[in-house]
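Engineer: Okay, handing you the structure first.
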Amino acid sequence: MYDVIIIGAGPVGENVADRVVQGGLTAAIVERELVGGECSYWACMPTKALLRDAAALRAVRALPAARQAVTGALDPAAVLRRRDDFASHWKDDGQASWLESAGVALHRGHGRILSPRTVEVDGLILEARHAVVVATGSSALLPDIPGLRESSPWTSREAASATSVPARLAIIGAGVVATEMATAYAALGSTVTVLARDGVLPAVEPFAADLVTTSLRESGVTVLTGASATAVHRDDAGTVHLTVTDGSTVSTIAADEVLVAIGRTPNTTDLGLETIGLTPGAWLTVDDSLRVTGSRPSGPGSPPVADNRPEVGGSLPAVDGRGSLPSADGGGSLPSVDGQLAGGGSLSSADGQLAGGGSLPSADGQLAGGGSLPSADGQLAGGGSLPSADGQLAGGGSLLAVDGQLAGGGSLPAVDGRVGADGPSAFTGDWLYAAGDVNHRVLLTHQGKYQARALGDAIVARARGAAVDDSPWGRHAVTADERAVPQVIFTEPEIASVGVTAAAAEALGLNVRVVDYDLGAVAGSALHAEGYRGQARMIVDEKRHVIVGVTLAGPDVAELIHAATIAIAGEVPIDRLWHAVPAFPTVSEVWLRLLEAYGRPS
């Protein structure tokens, strides 16, 4: 018997276990692969090791005297050896030893939930006094392209752990994984072709995406915007043939390997979710303290998180800065950035019809698909009445709670507009939690670890009978998931961002001012590299006079973004930022230039 059982020993699970044990509880962690998870062996660390040598070489070549000292080309074998070191040669001895030193029991094997607070690990039964935490992460999504699976495609795992560099690499997708791996493998000597059906990095600021697209092409990468693969075949010689269309023409691409990087899907297929009324293979929906409230499908009609942005799911901040627009009782929710409603369902299409069925209200207050909007007196124009102040419908029924579950029970409609077994599932237990990718809030390792720290402390507080503070910015809250998510895309140039984009701010109805500045015009940038090319954007909420979004694109901007994260998370007024003086001559002086462009208060 343990106080807490965590399924998944990646960075998220490790951090949950650490916080729980530090709080005086006992913890067991279950892992079917390597302790340390995706980030340590097949994502964050090895992929950045693949990119770093080429980035350093570019930096040297951007300085005239240093350029003269560089002879020869990048050594791919040496890059792969260093990558192996950062992946610990795919051995988890070090991280397993850390668990032991931290007082966390490790159970190797496949964990499945049998019943409330009970987990089976390959026949061994484990029981939890207080909580079970699902931290199983996500896997690469393979689309249903004829012949693709049979062609043994690469996913992010194979790209991160390859033992040799393919002469020709085709990449399906143009999001974060796709562009980073295109950057890496082009530098290592591959001839790379990117199929960018929706454009390159379509969810980042357009200026940043344009800089990356230009750089990829300058490095020899073929970027085919608007193109998608309709069929894939690997012949007996090992060559992969992709049939490609841009909507008007059809062509064939030959490659030695094909990398699929279009999105992620949750690792919840064989966790025993069906035993507790949840849907196997679905994202787990959670409340503000990350307790599971239900599950949301991740199949056709309800797309997994697309790899066309910094892998971020969940919901954008609403006008009040929370993840949902307040209804009469503070319920209701905004669409998430992947087009799915935070509590389930889907966004409308361009013609006003709901992507999953039904329709939006028309301009005259009538629902385009039938029915009508509430009238001014609170009565429904077509009959019935508005919710009362306590969240109950005046005519019966109940409002949606903030977590997307019906306050009176049941769940949101599925993407086809129906409530039922094939829609989102509701869960009412108080013992199950989900952190990291699997809860679909933000698919980034650092945000998952942030969630884990808050969640672990919340479990300890509840076990001790103490209050849980999940109010905005509270000790047990994960408010940064909604307002201040930092992300770095390690392309050339790097893209570093936090908060909302200009397009997202407009969609949220925020009254913002967008301030742009040429990053290359800063004195520190000119010193940093000859011909420094980059741009900075600051988005200011004019109502609250605080920054709500920043995007930087340029060489080595990754180290600049934390200042913006602090400004946004701290809700530092613009007037106060004038007193944060950047050192001269550094690239950070861009902050002063952005403030000057915004204008000093009179």
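Engineer: Any chance you could look up the accessible area of Lys91 with a 1.4 Å probe, heavy atoms only, rounded to 10 Å²?
Structural biologist: 130
Engineer: Here is a further query. Please give every one of the lysines within straight-line cross-link reach of Lys449, meaning a C-alpha to C-alpha distance under 29 Å, and leave out same-chain neighbours fewer than 8 residues apart.
Structural biologist: Lys48, Lys91
Engineer: Take each of the peptides 14-24, 148-158, average the number of other beta-carbon atoms within 10 Å over its residues, and list them starting from the highest.
Structural biologist: 14-24, 148-158
Engineer: Okay, next question. Taking segment 534-602, which trypsin sites (Lys or Arg not before Pro) meet the DSSP loop condition and have no more than 11 other C-beta atoms within 10 Å?
Structural biologist: The qualifying sites are Lys543.
Engineer: While we're looking at this one, here's another question. Label points 7 Å out from Cα along the Cβ direction at Arg157 and Leu142: separation in nm?
Structural biologist: 1.0
Engineer: While we're here: Taking amide H positions as placed in the peptide plane 1.01 Å from N, state which residues far from Thr586 in sequence (5 or more) or on other chains have amide H under 5 Å from it.
Structural biologist: Under 5 Å from the amide H of Thr586 lie the amide H atoms of Gly524, each far enough along the sequence or on another chain.
Engineer: Also, quick follow-up: Extension gain Phe584-Arg129, at 0.36 nm per residue separation less the Cα-Cα distance, in nm?
Structural biologist: Net length gain for the segment: 158.2 nm.
Engineer: Hey, which aspartates and glutamates would be in cross-link range of Lys543, C-alpha to C-alpha under 15 Å, not counting anything within fewer than 8 residues on its own chain?
Structural biologist: Partners within reach: Asp320, Glu506, Glu571, Asp575.
Engineer: Taking 7 Å along the Cα-to-C-beta vector as the label spot, tell me the Ala77-Ser97 distance in nanometres, rounded to one decimal.
Structural biologist: Taking the simple label geometry, Ala77 and Ser97 are separated by 3.0 nm.
Engineer: Using a 7 Å offset from the Cα along the Cα-to-Cβ direction at both Ala526 and Thr222, what is the distance between the two label points in nm, to one decimal?
Structural biologist: Here the answer is 4.1 nm between the modelled labels.
Engineer: Can you tell me the length gained on complete extension of the stretch Ala65 to Glu596, counting 0.36 nm per residue apart and subtracting the Cα distance?
Structural biologist: Working it through step by step, the gained length comes to 187.7 nm.
The values are calculated or read from the model by the stated rules, or taken from the named source; none is laboratory data. Please read these numbers as outputs of a predicted model, since none were measured by experiment. All Cβ positions, glycine included, derive from the backbone under ideal geometry; neighbour counts span all protein chains shown. For accessibility, only protein heavy atoms count, side chains too; no ligands or nucleic acids. Shrake-Rupley method; radii C 1.70, N 1.55, O 1.52, S 1.80 Å.
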